[in-house]
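The structure appears right after this line, and notes come after that.
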Amino acid sequence: MPMSSKTKGIITYILITFIMAWILWEMPLRLGLSIIGPLFQYIALPGAFSPAVAAFVVRKWVTREGFADAGLKPNLSRGWRYYLVAWLLPLFVSAIIIGLVVALGIDRPDFSLQRAVEVLSPGMIIPDFPSFFGLLYQ
């Protein structure tokens, strides 16, 4: 019994996604790179895009569905509220988290990202933000 186009698409999607991600994540480990090192992260980063690559390959060449009905075109006339929420909700949630961290005395926000840079690249110093951003965390 021949395999349907849908079944072929699902199997191909899963294979491309897992193989691509696992190769890109395993390769730096086999080379002895540290997981917290920036080089590991640069090599492994494309693995995070493997589902998108697999979806493109499957729709274009395996199932030949194309992209007209993929829902990729924004529909602002009907669902503008959802787009507005999608843009503003992360900002609102981030502000709440930063406010709680400061209010509870857990830590001070580091808008300069200097602490993150120190963890990834010890000894590297990045320039300060303009003085406007200094007002945010004084």
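Throughout, read-outs are computed from the coordinates displayed, never taken from laboratory work. What you are looking at is a predicted structure, and each value in this text was computed from that prediction instead of being measured. Glycine also receives a Cβ, built like all others from the backbone with ideal geometry; neighbour counts cover every protein chain displayed.
Residue separation of Ala55 and Arg78 scaled by 0.36 nm, minus their Cα-Cα distance, works out to 5.7 nm of gained length. Seen through its C-alpha gyration tensor, with square-root eigenvalues sorted a ≥ b ≥ c, the range 55-99 comes out oblate because a/c lies at 1.5 or above while a/b is not bigger than b/c.
So, with +1 on the Cβ of K and R and -1 on the Cβ of D and E, and no other charges, what is the size of the charge dipole of the range 3-104 about its Cα centre, to the nearest 20 debye?
On the way: 9 positive and 3 negative charges, 80 e Å.
For the range 3-104, the charge dipole is close to 380 debye.
Of all lysines in the structure, the ones whose alpha carbon falls short of 18 Å from that of Lys73, not counting any fewer than 8 places away in one chain, are Lys60. Per-residue Karplus couplings for the range 71-78, computed as 6.51 cos²θ - 1.76 cosθ + 1.60 with θ equal to phi - 60°, are listed in order as x, 8, 8, x, 10, 6, 5, 9 Hz, Gly and Pro entered as x.
Backbone phi angles across the range 100-106, fed through the Karplus curve with coefficients 6.51, -1.76 and 1.60 (θ = phi - 60°), yield HN-Hα couplings of 5, 4, 5, 4, 8, x, 6 Hz in residue order; Gly and Pro are listed as x. Taking Leu45, Leu88, Leu15 in turn, the Gaussian network model of the chain (Cα-Cα springs below 10 Å) assigns the largest fluctuation to Leu88. Per DSSP H run of n ≥ 4, the term is -39500 (n - 2.57); total these for the chain, divide by its residue number, and report the mean residue ellipticity at 222 nm rounded to 500 deg cm²/dmol. -18500 deg cm²/dmol, from helical runs alone.
Does the chain come out rounded, prolate or oblate by the C-alpha gyration tensor, with a ≥ b ≥ c the root eigenvalues, rounded set by a/c under 1.5 and, if not, prolate when a/b is larger than b/c and oblate if not? It is oblate, given that a/c is not under 1.5 and a/b is not larger than b/c.
Shown here are the Rg and Dmax of the Cα trace of the range 1-72, at 15.4, 50 Å. Looking at the range 1-89, the chymotrypsin sites (Phe, Trp or Tyr not before Pro) that sit in a DSSP loop and have at most 16 other Cβ atoms within 10 Å of their own Cβ are Phe67. With a cut-off of 17 Å on the backbone N, the residues of the range 32-57 near the modelled label site 7 Å out from Ile10 along Cα-Cβ are 55.
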